[in-house]
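Below is one structure, written out as structure tokens, with a few remarks after it.
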Amino acid sequence: MKDLNCLSLRVKNNQLSILDQTLLPHEETWREIGSPEDMVESIKKLRVRGAPLIGVSAAISLALFAQTTEDRQLIKKKGLLLRDSRPTAVNLMFCVDQLLGLLDEDMPLEKIVEKAEVLFDEDVKLCELMAKNGNKVIEHNDRILTHCNTGGLATVGEGTALAVIKEAHREGKEIKVFVDETRPLLQGGRLTTWELTKEGVPYQLICDNMAAHLMAQGAVDKVIVGSDRIAINGDFANKIGTYSLAVLCHFHNVPFYVAAPYTTVDQECETGKDIPIEQRDPGEVRGQNIVEKGWAPLESDVYNPAFDVTPAHLVTGWILDTGLYNQQDVKQEKLRQLN
Ligand code: MRU
């Protein structure tokens, strides 16, 4: 495989490494990934995370494995293992299926490697297109609230929602970002802040439960988030807490946008009801990943869905690489057959 390089993933001389996102922002540690099983573990533990990035990372890991064996059944088995590593972000299934399709068609194994490289390069372009399309909705002096991490750490390119924000800043628009810390794993507090600091975009970090207070003061002009899976009717899954932001926007009359590449639109999902929601370790909510004993009794019963579904009627606009879609476009089923 050719050498590849982005903010949190590298291939050099056929050795794949990832930036361990669980250690950010204070430690920038790269880990070598030796096998598809290693990648599965890193995806499950969120060392590698973000819908587009887990898709491309899984594809690269599978392609590197395909360089080491002629055993097609074994390659397929590893592909299915990677495909199952997380259930909600459809980009994972999309990318792995592209490679498994070539296997099923009996294509030479080099084609699998080429396809993984194409997926890597394509993601960079998709991010650029989303950034350009999304920039059209950003105005000078906008105060934008965002949730989770949707930047270069979550994609191969500049990101989804965060790419839009960075594009507006680079163009010279004076914007300010409110960064939701994003309980329970703090992707906003740890990762989005890290990216915006590097980029020099003015931001303030807030706890998730402060958004309503800000909106009530008229301090938020728009909200932009990413997505892990969009249904054909426009309903979409994103990091837990996104739906409550959409409801708050509706109540306070604040425009609410979602940015995602076409690889996030699931042609098999008619509505948000079809989107599987990942349930995660109770220890995350008890804070056991942050302080040794956690902050809740160890026996506390916990509910920990990693994502929620925002209904289409709460969305002002869908920012895709293929364009900007409004309620009418989505009602006319323009999300069907994008790819
Ligand atoms: O659990 P994570 O950190 O992988 O969740 C990531 C998100 O929810 C992002 O908002 C999403 O992947 C879309 S942006 C790339």
Checklist line | Spatial separation of Cα centroids for the stretch 36-99 and the stretch 218-290, in angstrom | finding: 23 Å
Next item on the list: Please work out how much length the chain gains when fully extended from LEU298 to LYS45, using 0.36 nm per residue of separation minus the C-alpha to C-alpha distance, in nm with one decimal.
Entry: 89.1 nm
Check: Could you give the distance between the Cα centres of the stretch 318-339 and the stretch 104-153, to the whole Å?
Finding: 17 Å
Next item on the list: Counting other Cβ atoms within 10 Å, keep those with at most 15, restrict to DSSP loop, and tell me which GluC sites (Glu not before Pro) in the stretch 125-231 are left.
Entry: GLU139, GLU171, GLU174
Check: How big is the charge dipole of the stretch 129-337 about its Cα centre, in debye rounded to the nearest 20, if each Lys and Arg gets +1 on its Cβ and each Asp and Glu gets -1 on its Cβ?
Finding: 440 debye
Margin query: Explain nothing, just the number: relative contact order of the stretch 4-127, from Cα pairs under 8 Å at least 6 residues apart, as a whole percent.
Written below: 22 percent
Notebook entry, point to check: Most fluctuating residue of VAL291, VAL223, VAL40 in a GNM of the chain with Cα springs under 10 Å: which is it?
Noted result: VAL291
Notebook entry, point to check: Which FRET efficiency, nearest 0.05, do GLN67 and VAL124 yield, Cβ-Cβ r, R0 22 Å?
Noted result: 0.45
Margin query: Using the basic label-point model (7 angstrom from Cα toward the beta carbon), what is the ILE290 to ILE277 distance in nanometres?
Written below: 2.1 nm
Next item on the list: Identify which of ASN91, ASN238, ASN209 has the largest mean-square fluctuation in a Gaussian network model of the chain, with springs joining Cα atoms closer than 10 Å.
Entry: ASN209
Notebook entry, point to check: Carbon-plus-sulfur fraction of the accessible area of the chain, 1.4 Å probe, in percent?
Noted result: 50 percent
Check: Hey, what's the stretch 246-294 come to in accessible area per residue, 1.4 Å probe, Å²?
Finding: 52 Å²
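The chain: longest stretch without exposed trypsin sites (Lys or Arg not before Pro) (DSSP loop, at most 16 other Cβ within 10 Å), sites themselves excluded?
Looking at the chain, 174-292 is the longest stretch - no exposed trypsin sites (Lys or Arg not before Pro) with at most 16 other Cβ atoms within 10 Å.
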Notebook entry, point to check: Percent relative contact order of the chain, based on C-alpha pairs within less than 8 angstrom and at least six residues apart?
Noted result: 16 percent
Notebook entry, point to check: If you stretched the chain out fully between TRP30 and LYS76, how much longer would it get, using 0.36 nm times the residue separation minus the C-alpha to C-alpha distance?
Noted result: 13.8 nm
Note to self: From Cα pairs below 8 angstrom and at least 6 apart in sequence, can you work out the relative contact order of the stretch 187-253, rounded to a whole percent?
What the structure shows: 24 percent
Margin query: What FRET efficiency comes out for GLN15 versus GLU110 if R0 is 25 angstrom and r is the Cβ-Cβ distance? Round to the nearest 0.05.
Written below: 0.85
Margin query: Can you compute the modelled spin-label distance between HIS252 and ASN141, with each label point 7 Å from Cα toward Cβ, in nm?
Written below: 1.8 nm
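The values are calculated or read from the model by the stated rules, or taken from the named source; none is laboratory data. This one's a predicted model, so the numbers in the text were calculated from it and none came from an experiment. For neighbour counting, all protein chains shown are included, and Cβ atoms are generated from backbone atoms with ideal geometry for every residue, glycine included. Quick note on the areas: whole protein, heavy atoms, side chains included, nothing else; ligands and nucleic acids left out. Shrake-Rupley method; radii C 1.70, N 1.55, O 1.52, S 1.80 Å.
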